[in-house]
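The values are calculated or read from the model by the stated rules, or taken from the named source; none is laboratory data. Given the structure is predicted, the values throughout are model-derived calculations rather than measurements. Note that each Cβ is placed from the backbone with ideal geometry, even for glycine, and that neighbours are counted across all protein chains shown.
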Amino acid sequence: MSEETPAPLWEVFIRSKRGLSHNHVGSLHAPDAEMALRNARDVYTRRMEGVSIWVVPSAVITASSPDEKDSFFDPAADKPYRHPTFYSIPKEVQQL
Amino acid sequence: MTLVVAGAAAVYTLRIADDCLVLSHRLAQWSSWAPALEDDLALTNIALDLLGQARGMYARIAELDGTGRSEDDYAFLRGERAFVNCQLVEHENGDFATTMVRQLLCSTYQLAQWQALTASTDEQVAAVATKAVKETAYHRDLATDWTLRLGDGTDESHRRMEHALAALWPFTAELFESDAVTREVAALGVGPDPGDLRPEWDAYITRVLGDATLPAPEVSWRPTGGRQGLHTEAFGYMLAEMQHVHRSFPGVTW
């Protein structure tokens, strides 16, 4: 098997419980979406990590370039007023 | 050393437990050898499910036969002739196709069995069965998926699946054998008579093999004897590997 072309790569997203969003947990190889989902279940949810799984072909993800890091992210560094730090959060709010 | 259990219910339960344990160990032998990491985890996940099912049943058997023996006693301190698993589960892993065909044939049988056992008059058995139904449904799904892919895949994968089916098919007859034990247990409502599971098994396997473009093989011979402690040559080697640590270092923990 190792001499052959490996199956396509998939990115795996798991939602750990209702109300939260899916988080990226890792990647795996699978020949198609159905098998990717099955593999994700076996590789990433063995310890009850999730209630929902997304798999996305890694090839369709458009990623920001490390070369553009400065122009992409630095302009946000000196704008503290964008952080909602002036509001008091009720104790009942667990996830924000 | 042999450990013999007494009573029809205990013997019947032991057969189910031994099927689970032996198949579990066979699958565990794939650990670090599967074609890809993903398959490695899938197979060992199933092995762990089966081990859990076996443990639940061994715990019950110790109560049924009144000995209070531990799960380890059943798993590690019985000789080959005291195991009453069917011969299909002990069949060597062979290639990936052989393992998947064996899994399809076994899981389909076990799912029907666990479903029937959820209505067992033995509450502990019914409780194990309720959990096992979900697990086994997934095992059957996975094996079905691979059977379709490999059967209806490349010439090479199709050839290997045909070869695996031909090798394993004769061993399926034993799954559905009835005897005094199964009839007594069925009458008590503890569990199904294996013969009654046949129509469901036949219907499912026939459909999957048809979809996978695999013709069901002709039955050339019908090996049997597992339920009486008679096993294939491969089983002794498997048991030696499975038991040697426990026997070499009795009571060892880590």
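Numbers below:
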{"quantity": "Number of the condition not met by B:A59 [criteria: (1) more than 14 Å from chain A (Cβ to nearest Cβ); (2) within 16 Å of the chain's Cα centre (by Cα)]", "calculated": "(2)"}
{"quantity": "The range B:99-113, subset in contact (Cβ under 8 Å) with a residue 40 or more places away in the chain and not polar (S, T, N, Q), residue surrounded by the most Cβ atoms within 10 Å (Cβ to Cβ)", "calculated": "B:V101"}
{"quantity": "The range B:21-75, subset in contact with an Asp or Glu (Cβ under 6 Å, 6 or more places away or on another chain) and within 20 Å of B:L239 (Cβ to Cβ), residue surrounded by the most Cβ atoms within 10 Å (Cβ to Cβ)", "calculated": "B:V22"}
{"quantity": "Hits in the range B:215-241 (condition: within 30 Å of B:D193 (Cβ to Cβ) and hydrophobic (A, V, I, L, M, F, W, C))", "calculated": "B:A216, B:V219, B:W221, B:L230, B:A234, B:F235, B:M238, B:L239"}
{"quantity": "Any chance A:E34 is under 30 Å from B:D40 (Cα atoms) and among the acidic types (D, E)", "calculated": "yes"}
{"quantity": "Listing of helices (runs of 4 or more DSSP H) fully contained in the range B:97-206 that carry 2 or more residues being in contact with a helix residue (DSSP H, G or I) (Cβ under 6 Å, 6 or more places away or on another chain) and within 18 Å of B:A54 (Cα to Cα)", "calculated": "B:123-151"}
{"quantity": "Scope the range B:141-162; condition among the basic types (K, R) and either surrounded by fewer than 16 Cβ atoms within 10 Å (Cβ to Cβ) or more than 13 Å from every other protein chain (Cβ to nearest Cβ) (or both); matching residues", "calculated": "B:R159, B:R160"}
{"quantity": "Members of the range B:150-205 found to be among the polar types (S, T, N, Q) and over 20 Å from the mean Cα position of the chain (by Cα), listed by number", "calculated": "B:T154, B:S157"}
{"quantity": "Of residues in the range B:128-147 being touching a residue at least 40 places away in the same chain (Cβ under 8 Å) and aliphatic (A, V, I, L, M), the one farthest from A:N39 (Cα to Cα)", "calculated": "B:V128"}
{"quantity": "Residue within the range B:38-46 that is assigned to a loop (DSSP other than H, G, I, E, B), touching a strand residue (DSSP E or B) at 6+ places or on another chain (Cβ under 8 Å), over 17 Å from B:V89 (Cβ atoms) and within 14 Å of chain A (Cβ to nearest Cβ) present", "calculated": "no"}
{"quantity": "Any hit, the range B:21-29, residues being outside any helix (DSSP H, G or I) and at pLDDT below 95", "calculated": "no"}
{"quantity": "From the options B:A203, B:A173, B:A164, residue that is hydrophobic (A, V, I, L, M, F, W, C), farther than 16 Å from B:V11 by Cβ and touching a Gly at 6+ places or on another chain (Cβ under 8 Å)", "calculated": "B:A164"}
